[in-house]
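Step one of this worksheet: look at the structure below.
The values are calculated or read from the model by the stated rules, or taken from the named source; none is laboratory data. Only a predicted model underlies this, so the values are computations on that prediction, with no experimental measurement involved. No Cβ is skipped: glycine too gets one built from the backbone with ideal geometry, and neighbour counts run over all protein chains shown. Heavy atoms of the whole protein, side chains included, go into the accessibility calculation; ligands, DNA and RNA do not. Shrake-Rupley method; radii C 1.70, N 1.55, O 1.52, S 1.80 Å.
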Amino acid sequence: MTSKVILKKKNTSDPFGYLGIRYFNGRGEKKVISLGERLTEDNFDKFFDSEFNLFKKTTLIDYKLLNNKITEKINDFSIFDTKNSKKHTQSFLTYFRDYLELIPNPQTKNSYSVGLKKLEEFKTHKKYNDILFSQIDNTFVIELKNYFLSKLSPNTTKQYLIIIKTILNLSKRDGLYSERFNYFSKLNIKTTYSNKKILSESDIQILREMTPYTKESDYKEKNKYYDTRNMLLFSMLSSGLRVSDLFLIRNKDFKNDHIEIITKKTSLSMRIPYNDKLIGLLLDIHNLYDLTLPMGTGYYGIPQSGDNFKEVRKTKNKTYNLKHLLEHIKTLPPNDFLFKDFMSLEPSLNKYNKVKEMTQEQNSSINRLRGNYNYWLKEMIKHYDFEIEQISSHTGRYSWTNLLLNIEGVNLVQIQRSLGHKRLSTTESYIEKNFGLDKMEIIGNMLSDKLEI
């Protein structure tokens, strides 16, 4: 059986039509199901990718809505056999498994697959033959929550319960499941915040003072942690950029006054403005300090005199540095990655196009790179004796959040937008456990001075 997305027009001369899917059952039968979405022929020809049966990323049409409707129906061949059209009315697990096949994003598919695996482990624990829609009631959900908490952290438990609830919502829409009230709404799972995964001021100072070489007296001995240091600092200095977006930055993304990003997770366009520290880091990455420092200051940013070098860095002109930085980047191949040595480990990503969804192979490459990055982060903090205890590819985002909260006038909503979070609760989970205790002490002392008790 095969299927194909088409634009069906009433008259050939019409400039628009309605999106539909044409099914072939391999026995000479064909049927067309309308998706109920009107679209101009120009937009269909321009943005529809027949290779993937999906629309490309664009702001001119609601491509996410269209792609969701396509993925829901593209493999629905039950229209040829009405007897089997309700084959999932009993088994929630079967419905869950079949839905996985419709998820186009490999990263989302992987997360949901793990959620299904955890649900099947619960089935084995309870000695069920299956999990039916009719079993899912308040008692079932509470037992499921308690089972997850016995095996997983509260944060991870909450994550998997959200996935299961999402699948249940889809089945309700299909008329396969109903509930008297939202059994998941009053589970009261308290997420845990840690104050062990934020870079301290001492840690940041260690990062700032790291050089490309193990010894300042020996320029030939490469510091194997230096690229890791650069990626961590870049994430922290660029609105807590996710590493999946950090890895994919190319030379052509550097514009005159910002870095242009299309986020992998949300497909949203994001502009990262240049700031002094970010420009300084980019000069380090490109070994350009020798172009902007006075003669005799040092080779590739390593000073002949440490104190002299610090003073020169403070007085350098931002505009002058940015101008020379961008001039240099324009001489480089536009499709080269910013961290090209690191990215050379996964050549499949060279063909990645931001307009299209990642292939399974490319998504696997990103996951391997993230694992490699995490490994070197852990090695780096052991080698340099950092204070941070739990470091990961998310450390840049955590540290960005908590550093911003210490700045007067910056609020949580502004940080939520800078991180690209859809929910404020997600941003709140980034805040370290003991954040703000010093401020609360000051406020308490001020209040007690005002009260005469």
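The residues of segment 93-137 expose on average 53 square angstrom of accessible surface per residue, using a 1.4 Å probe on protein heavy atoms. Here each label is just a point 7 Å from Cα along the line to Cβ, and for D276 and N155 those points are 3.3 nm apart.
Other residues with beta-carbon under 11 Å from the beta-carbon of K4 carry, at +1 per Lys or Arg and -1 per Asp or Glu, a net charge of +2.
Note on segment 1-67: Cα-only Rg and Dmax are 12.4, 40 Å.
The length gained on full extension between E379 and K109, counted as 0.36 nm times the residue separation minus their Cα-Cα distance, comes to 94.1 nm. Taking 0.36 nm per residue of sequence separation and removing the Cα-Cα distance, the V355/L60 pair yields an extension gain of 104.9 nm.
For the peptides 237-243, 92-98, 333-339, the ranking by mean Cβ contacts within 10 Å, running from highest to lowest, is 237-243, 92-98, 333-339. On the basis of the beta-carbon distance and an R0 of 35 Å, H258 and K9 show a calculated FRET efficiency of 0.25.
Each label point was placed 7 Å from the Cα along the Cα-to-Cβ direction; for Q205 and E51 their separation is 5.2 nm. Place +1 on the Cβ of every Lys and Arg and -1 on the Cβ of every Asp and Glu in segment 323-419, take the dipole about the Cα centre, and give the residue among Y375, T359, T395 whose Cα lies farthest towards its positive end. Checked the options; the winner is T359.
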